[in-house]
1. Pairs needed: first member in segment 181-201, closer than 18 Å to Ser212 by Cβ and modelled with pLDDT of 95 or more; second member anywhere, more than 16 Å from the ligand (Cβ to nearest atom) and of a type in the set (Gly, Ala, Ser); C-beta distance under 7 Å; at least 6 residues apart or different chains.
2. Does segment 277-297 hold any residues that are over 15 Å from Leu248 (Cβ atoms) and not in a loop (DSSP other than H, G, I, E, B), and which are they?
3. When you go through Ser85, Ser72 one by one, which is the residue that is over 20 Å from the mean Cα position of the chain (by Cα) and either surrounded by 17 or more Cβ atoms within 10 Å (Cβ to Cβ) or not aliphatic (A, V, I, L, M) (or both)?
4. Could you run through segment 122-149 and say how many residues are part of a loop (DSSP other than H, G, I, E, B) and more than 14 Å from the chain's Cα centre (by Cα)?
5. In this structure, does Ile268 turn out to be under 21 Å from Gly169 (Cβ atoms), at pLDDT 95 or above and not in a helix (DSSP H, G or I)?
6. From the residues in segment 223-238 that are in contact (Cβ under 8 Å) with a residue 24 or more places away in the chain, part of a helix (DSSP H, G or I) and not aromatic (Phe, Trp, Tyr), which one is nearest to the ligand (Cβ to nearest atom)?
7. When Asp92 is evaluated against the numbered criteria (1) in contact with a Pro (Cβ under 9 Å, 6 or more places away or on another chain); (2) under 25 Å from Val182 (Cα atoms); (3) among the charged types (D, E, K, R), which criterion, by number, is the only one it fails?
8. Residues to consider are Asp172, Asp152; find the one that is among the charged types (D, E, K, R), surrounded by fewer than 23 Cβ atoms within 10 Å (Cβ to Cβ) and part of a helix (DSSP H, G or I).
Amino acid sequence: MITGYFTHPDCQQHDMGAGHPESPQRLRAINELLEAGGLLHDLQAIHPAPAEKADLSMAHSASSIQLVHDRSPITGIVSLDADTSMNAHSLDAALLAAGAGLAATKAVLEGKINNAFCAVRPPGHHAEHDLPMGFCLFNNIAIAALYALQQDNIERVAILDFDVHHGNGTVDIFANDPRVLVCSSYQHPHYPMRHHDTLAEHLIHCPLEAGSGSREFRHAIEQHWLPALQSHKPDMIFVSAGFDAHRLDPLANLNLVEADYAWVTELIMDQGRSHAQGRLVSMLEGGYHLQALAASVEQHIKTLRGL
Ligand SMILES: [Zn+2]
């Protein structure tokens, strides 16, 4: 299997201030572990081009795109909400993060690689059609999925989100688009408490109580995601890969371990082989314990590589 590794050094320039958990150290920790373990040399490393405004507008309102551009500071840090800030490099990083999803999707659709992992930040799944929020400026995975749906051979896709926080932005963007099956597992009640109650046949919400671990997670995926995927038969699969449901993560209270991420990745790949010719693009969302994040990403990518 050829797995593309889409990342850009400028994604590490986005910095929301000392002590913010969504820090540049996250990508550094991932890259260092992949390098130390030798996995980085097995991957096709690609630096994406930034997304254009036209790409962003597939998923976002003009006013929301303009807001992010207008608030971009020349120096210092400006806040968009209590959790989300921008420094002088944040806009560039966000455009590269969205661009990574587009480049990865294009490379998979052209058959240049089998699948891809995008090690990018800022993350995207909280960004709604009309609102950047929750560490997210643009919804990277939604933009990638909408790009795929423009291709003749892609009629239906699935977005699978195992970040510990509910992907409210993704649900918001696709609430009225049944071409996109959105499956999520998340701690509940917990941040962000938006759109988890938006109901439709193509929106599969799997809330997990604080303290839930491997058994509850795997049960929810098998009971709810699997039949939905088998019925939807996506032509391509997208993964909002957040690793903050790990037992060591400081921002939430689920108890997953690295092996759970390998397990869910294998299950997703199996569905990809059955319905989507293996076409799969995974993008980094959350994950705030540096060692747990890096080790979980390593398991995720090893599984994508078929190792
Ligand atoms: Zn999260």
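The values are calculated or read from the model by the stated rules, or taken from the named source; none is laboratory data. Source: prediction; values computed, not measured. Positions of Cβ are backbone-derived with ideal geometry, glycine not excepted, and every protein chain shown enters the neighbour counts.
1. From residues that are closer than 18 Å to Ser212 by Cβ and modelled with pLDDT of 95 or more, the pairs are Cys183/Ala158; Cys183/Ala228; Ser185/Ala220.
2. Result: Leu280, Val281, Ser282, Met283, Leu284.
3. Ser72
4. 3
5. Considered against the rule, which asks whether it is under 21 Å from Gly169 (Cβ atoms), at pLDDT 95 or above and not in a helix (DSSP H, G or I), Ile268 comes out as no.
6. Selected residue: His224.
7. Looking at each condition in turn, Asp92 falls short on (2).
8. Exactly one residue qualifies, and that residue is Asp172.
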